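Here's the structure, in structure tokens; my notes come after.
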Amino acid sequence: MTVGTLTRLAEALAATLVIEIRWQGAALDRLVDREHAHLQDAAARRLASRGWSVQAEVSFNHYGDRGSCDLVAWHAGTGTMLVIEVKSRLGNLQDLLHRLDVKARLGRLLAQQLEWPAPRVVARGLVIGEDRTARRIIVRHAALFSGFSLQGRAAHAWLRTPSAAVGGLLWFEKPADSGSSRMGPAVTVKTGRGAG
């Protein structure tokens, strides 16, 4: 049976088709997790080098909305909060954008949970692993990502001086162990406390 046939069957049933690739047992999961952790670390280093306080894996549970944020960052000078999703691979784009919107909507609750002041601005951030395929996906689905008003260098510039509200930031990041030393010294990232 082809993937196309499976997709049509799933659509007819209003179901979600999930195809799982298994490779050397749990090795594939560990590989993906490692890539994600490296990207998360690289993004945290970038933010810290620009004066942001960073918390990783901040969990929440609020009236049925539950999950965790890959990174939550606070810029004290401007009262800006940034809720960030980190992706080593792009899969279900609608689900990705929906989950990030939920997390950004709960930004003020997350700030309270982390004992930060009430943010003046809550912005969304999407960090994607540097990859030609991911770049092609972003271009092909430009309409879906149009809400990320600052991308690439413009997003990096905003991180230095987050003086204005933005619809969202999108930038590509190389893993912290990729040989690049531009990220500066290591930064300790605290893990946020759960909301219950």
Residue hits (the stretch 100-120; closer than 11 Å to V83 by Cβ, open to solvent by less than 40 Å² (accessible area, probe 1.4 Å) and more than 12 Å from the chain's Cα centre (by Cα)) are V102, L106, G107, L110, A111, P119
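What residue, among those in the stretch 72-99 that are assigned to a loop (DSSP other than H, G, I, E, B) and touching a strand residue (DSSP E or B) at 6+ places or on another chain (Cβ under 9 Å), is surrounded by the most Cβ atoms within 10 Å (Cβ to Cβ)? It would help to see each step written out before you state the result.
First, the residues of the stretch 72-99 that are assigned to a loop (DSSP other than H, G, I, E, B): 76-79, 88-92.
Applying the additional criterion that residues be touching a strand residue (DSSP E or B) at 6+ places or on another chain (Cβ under 9 Å) yields 76, 78-79, 88-90.
On the way: A76: 11, T78: 15, G79: 15, S88: 21, R89: 13, L90: 18.
So the residue we want is S88.
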Condition first: under 12 Å from the mean Cα position of the chain (by Cα) and among the acidic types (D, E). Now tell me which residues in the stretch 83-99 satisfy that. E85
Residues within the stretch 1-33 that are open to solvent by 100 Å² or more (accessible area, probe 1.4 Å), charged (D, E, K, R) and modelled with pLDDT under 75, tallied: 3
Unique match (being at pLDDT below 90 and among the aliphatic types (A, V, I, L, M)) among V122, V102: V102
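Any residue in the stretch 128-135 that is buried (at least 20 other Cβ atoms within 10 Å of the Cβ) and among the aliphatic types (A, V, I, L, M)? Reasoning before the result, please.
Residues of the stretch 128-135 buried (at least 20 other Cβ atoms within 10 Å of the Cβ): 128-129.
With among the aliphatic types (A, V, I, L, M) added as a condition, the list becomes 128.
For the stretch 128-135, residues buried (at least 20 other Cβ atoms within 10 Å of the Cβ) and among the aliphatic types (A, V, I, L, M): present.
The values are calculated or read from the model by the stated rules, or taken from the named source; none is laboratory data. Treat the numbers as computed from the prediction; the structure is a model and nothing was measured. Note that we place each Cβ from the backbone using ideal geometry, even for glycine, and neighbour counts take in every protein chain shown. For accessibility, only protein heavy atoms count, side chains too; no ligands or nucleic acids. Shrake-Rupley method; radii C 1.70, N 1.55, O 1.52, S 1.80 Å.
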